[in-house]
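One structure is given below, encoded as structure tokens.
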Amino acid sequence: MIDLRSDVKTLPTDLMRRAIFEAELGDDVAGEDPTVNALEARAAELMGKDAALLVTSGTQGNLVSMLAHTQPGQKIILEQDAHMFYYESGGLARLAGLMAHPLRGHYGALDPDDVEAAIWPPSVHSPSTGLVALENTHNRAGGTCLSVEQTAAVCEVAHRHGVPVHIDGARIFNAAVALGVEARELAAPADSITFCLSKSLGAPVGSLVCGDTDFINRARQFRKILGGGMRQAGIIAAAGLVALEYELPRLPEDHEKARRVAAALNDLPGVKLDMATVQTNMVLFELRRDDMTAPEFCQRLADYEIKAAAQSEVRVRFVTHRDISFDETDKVCAALREVLG
Ligand code: TLP
């Protein structure tokens, strides 16, 4: 099966499985797991931050970050299609007690002027703004990147008003590869960042929250409150260390696969695809045809041993990743031509 539904579907590599088997372990809640400590040190170094914290998932990373940055009753400003707003089951409201102020972005990027206007002046009537959140790459915009300049411009506005900035960098390394910069340059203007091991990096579990030492200490306590204190978590960290060493350099290949799929789709009737969004490992498009809906199209792909998922009656997202080879990518292109041509 060729699974285009998401890069979260990747299975651990042999190297990861061996590293898990051989990992040196201890009680991470007490800070005694050497493999977790090594991963957190490596993550902090890659993001150019003081410290890092291993969490169970991207969602948990974003949640502990919101909890550590804000007070209940404050406002969080974020893009209206942001994962933290759209897909995290309202955890920002239910668990962090935040009010969301969503803004419409452009290819996932917030306009700094809109952010400034959304930071309402202090008043007895209004909530104060506790956090601005960015997403890089932006999932629902189709894996689009925020540049260093775009990130810095929003951070400048937020910081001028005393508001911290968190980046949901689930796929920050894809952005770094696409933009030709280091991930730490993209993280530098922000106060904190979460990145995921379990998406394009192909590890089975885990995300890292990175920031200054005080922030990470607070986040660690919130992780415990949320039940995310794990004991011999080195079995997770071991695969993560392998992912950072061996999978990170491989990411440009996934972008090339996405470009091939996008080029094939772009020629086909009834496909509405903005090629400007094809920047990383995602291809987001609309199917505007009388003969099939997006779910029916995905159903047809099953005959070619391809798993795909529609996001609505017209919208489809494909994600390329390590478990789809270049040969399989070409098979996908051929299948698309047969089904839609
Ligand atoms: N994204 C997943 C899910 O929506 C299923 C996907 O397939 O793309 N931030 C961003 C930008 C994400 O894309 C995701 C997951 C998360 C956070 C949450 O990560 P997890 O699933 O580890 O909680």
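The values are calculated or read from the model by the stated rules, or taken from the named source; none is laboratory data. Just so it is clear, the structure is predicted and the values come from calculations on it, not from any experiment. Neighbour counts are summed over all protein chains in view; Cβ atoms, including those assigned to glycine, are modelled from backbone coordinates with ideal geometry.
Select the helices (runs of 4 or more DSSP H) contained entirely in the stretch 248-341, then report the ones holding at least 3 residues which are under 21 Å from residue 140 (Cα atoms).
Working: elements: 251-266, 294-301, 326-340.
It comes to 251-266, 294-301.
The rows are residues; the columns are (1) closer than 28 Å to residue 47 by Cβ; (2) charged (D, E, K, R); (3) not assigned by TED's automatic domain parsing to the domain that holds residue 14.
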site: 230; (1), (2), (3): yes, no, no
site: 235; (1), (2), (3): yes, no, no
site: 240; (1), (2), (3): yes, no, no
site: 268; (1), (2), (3): no, no, yes
site: 278; (1), (2), (3): yes, no, yes
site: 285; (1), (2), (3): no, no, yes
site: 312; (1), (2), (3): no, no, yes
site: 316; (1), (2), (3): no, no, yes
site: 333; (1), (2), (3): no, no, yes
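What's the total number of residues in the stretch 23-47 that are under 15 Å from residue 239 (Cα atoms) and more than 25 Å from the chain's Cα centre (by Cα)?
Count: 5.
Across the stretch 167-205, what is the total count of residues that are away from the ligand (no atom under 11 Å from the Cβ) and in a strand (DSSP E or B)?
Looking only at that region, the number is 2.
Read through the list (1) farther than 16 Å from residue 131 by Cβ; (2) without any contact (Cβ under 8 Å) to a residue 60 or more places away in the chain, then give the number of the only condition that residue 78 fails.
(1)
Could you tell me which numbered condition residue 88 fails, if it satisfies all but one of (1) away from the ligand (no atom under 15 Å from the Cβ); (2) of a type in the set (Asp, Glu); (3) in a loop (DSSP other than H, G, I, E, B)?
It is condition (1) that residue 88 fails.
Exactly one of these conditions fails for residue 41: (1) loosely packed, with under 15 Cβ neighbours inside 10 Å; (2) assigned to a loop (DSSP other than H, G, I, E, B); (3) among the hydrophobic types (A, V, I, L, M, F, W, C). Give me its number.
Failing condition for residue 41: (2).
Is the stretch 13-30 home to any residue that is within 16 Å of the ligand (Cβ to nearest atom) and not in a helix (DSSP H, G or I)? Don't jump to the end; show me each part of the working.
So in the stretch 13-30, the residues within 16 Å of the ligand (Cβ to nearest atom) come out as none.
There is no residue in the stretch 13-30 that is within 16 Å of the ligand (Cβ to nearest atom) and not in a helix (DSSP H, G or I).
Any chance the stretch 129-137 includes a residue that's within 15 Å of the ligand (Cβ to nearest atom), over 27 Å from residue 203 (Cα atoms) and either modelled with pLDDT of 95 or more or crowded, with 24+ Cβ neighbours inside 10 Å (or both)?
Restricting attention to the stretch 129-137, the residues satisfying the condition of being within 15 Å of the ligand (Cβ to nearest atom) are 133-137.
Add one more test, that the residue is over 27 Å from residue 203 (Cα atoms), and what stays is none.
No, every residue in the stretch 129-137 fails to be within 15 Å of the ligand (Cβ to nearest atom), over 27 Å from residue 203 (Cα atoms) and either modelled with pLDDT of 95 or more or crowded, with 24+ Cβ neighbours inside 10 Å (or both).
Taking interchain pairs and intrachain pairs at least six residues apart, which have beta carbon atoms under 7 angstrom, with the first residue in the stretch 181-203 and in contact (Cβ under 8 Å) with a residue 24 or more places away in the chain and closer than 28 Å to residue 161 by Cα and the second acidic (Asp, Glu) and within 13 Å of the ligand (Cβ to nearest atom)?
Matching pairs, first to second residue: 194/168.
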